[in-house]
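Here is the structure we will look at, set down as C-alpha cells.
Read-outs throughout are calculated quantities, based only on the coordinates presented, and are distinct from any laboratory measurement. The structure presented is a predicted model; accordingly, all values stated were derived computationally and were not measured. Here the Cβ positions follow ideal geometry from the backbone for every residue, glycine too, while neighbour counts run over all protein chains shown.
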Amino acid sequence: MTQTCVTTIDLLRHGECEGGLIFRGHTDSPLSDLGWQQMQQAIAAYPQPATHWQQIISSPLQRCSAFALQLSQNHNAALLLKPGLQEISFGDWDGCLTEQVQQQQPTAVSNFWQNPAKHTPPNGEPLTAFQQRVVHSWQKLVEQHRGEHSLVVSHGGVIRIILAHILQMPLRPLSYLSVPHACLSQIKIFQQAGSPDWPQLIFHQPLAQQHNS
C-alpha cells in the first residue's frame, strides 16, 4: 500500500503598515504598531502550538520579514527569506497614495481593478508574470518541505494567487478572495508516489478578529 505524505503550510498575511493607503507592492513599508498587534493576535489565536512549525518562510520585505524574524527567534525555528514571495510590483504607482493616482489616472485605475490581467500599471509587473513567479515559488516550497509543517508570512496578492492556484480559479476574480491584515490560512497537501498532489484548503479566516469578538 502506497503511503500518503502530508505537507502542511500555513499562510499569514502581514498586518497594517505605516504610510497610509498606497499602492504597496515592492515599497518596503514597516508595520505600524497596530500591524504588529494584529499579527501577534493571529499567532495567539492559532489553534495549534506554534512550535509545530519546522521553518518560517517569509517575503524579504520588512512588513513580513521583521515579524517572521521575531517569531523564528521566539520559537527556535529556521527563517528562510524567499524573494519569489514578494508582493506584485505596481510600477510607477508603487508607493503612491491610491486616492492621488485615482484622481490623476481614473480610467487606468478603474481598468486595473476591473481586469488586472489585461491592464498593468505603467512599468508594473504583469499579473500573469506575478502568477508564474508565485506559483513557481509555491511549488518549490511544497517540494522542498515535503512532509513538514511550515509557516509562510507574505502578502495579500501572493496569498490570493496561491489560493487561486490550489482551488483552480481563473485570475480575474482574485478580488473575490478576502485576505485582510493578519489573515491566517492553512493548506494541507496530500502526496503519494506516482500520483498528483491533492491540496486542500483547511481554513481561511482572520483568526485574531474572531478571537477578539
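When the Kirkwood hydrodynamic radius is evaluated over all pairs of different C-alpha atoms of the range 41-119, what value in angstrom, to one decimal, is obtained? Final number for the Kirkwood radius of the range 41-119 is 15.4 Å. For the range 113-119, putting each phi into the Karplus relation 6.51 cos²θ - 1.76 cosθ + 1.60 with θ = phi - 60° gives couplings of 5, 6, 8, x, 5, 9, 10 Hz, in residue order, rounded to whole numbers and with x for Gly and Pro. Taking a point 7 Å out from the Cα of Gln192 in the direction of its Cβ, the residues of the range 1-35 whose backbone N falls within less than 12 Å of it are 1-5. Compare Ile56, Ile161, Ile43 in a GNM of the chain, Cα atoms joined below 10 Å, and give the one with the largest fluctuation. Taking springs between Cα atoms under 10 Å, the residue moving most is Ile43. Which whole-angstrom value gives the distance between the alpha carbon centres of the range 1-61 and the range 125-185? Cα centroid to Cα centroid, the span is 13 Å.
The ellipsoid that matches the Cα gyration tensor of the range 30-82 has semi-axes, each √(5λ) in whole angstrom, of 17, 15, 8, with the longest given first. Relative to the longest principal axis of the Cα atoms of the chain, the long axis of helix 33-45 makes an angle of roughly 30 degrees. Annotation note: GluC sites (Glu not before Pro) in the range 1-97 located in DSSP loop regions with a Cβ neighbour count of at most 13 within 10 Å are Glu18. Percent of Cα pairs in the chain per distance bin of 10 Å, from zero to the largest separation: 8, 34, 36, 17, 4, 0, 0. Eigenvalues of the alpha-carbon gyration tensor of the range 102-213, scaled by 5 and square-rooted, set the equivalent ellipsoid semi-axes at 29, 19, 12 angstrom, largest first. Taking a straight line from the alpha carbon of Lys188, these aspartates and glutamates sit under 20 Å away, with near neighbours fewer than eight places off in the same chain left out: Asp10, Glu143, Glu148, Asp197. Along its first, second and third principal axes, ordered by size, the range 72-152 spans 48, 27, 18 Å in Cα coordinates.
The alpha carbon radius of gyration of the range 128-181, expressed as a multiple of 2.2 N^0.38 Å, is 1.15. Shown is the FRET efficiency for Gln105 and Met169, computed with R0 = 25 Å from the Cβ-Cβ distance and rounded to the nearest 0.05: 0.35. Using equal-weight Cα scatterers in the Debye expression, the normalised intensity of the range 11-50 in log10 at q = 0.17, 0.22 Å⁻¹ is -0.50, -0.72.
Determine the calculated [θ] at 222 nm for the chain from helices alone, applying -39500 (n - 2.57) to every DSSP H run no shorter than 4 residues and normalising by the residue count; nearest 500 deg cm²/dmol.
For the chain, the value works out to -11500 deg cm²/dmol.
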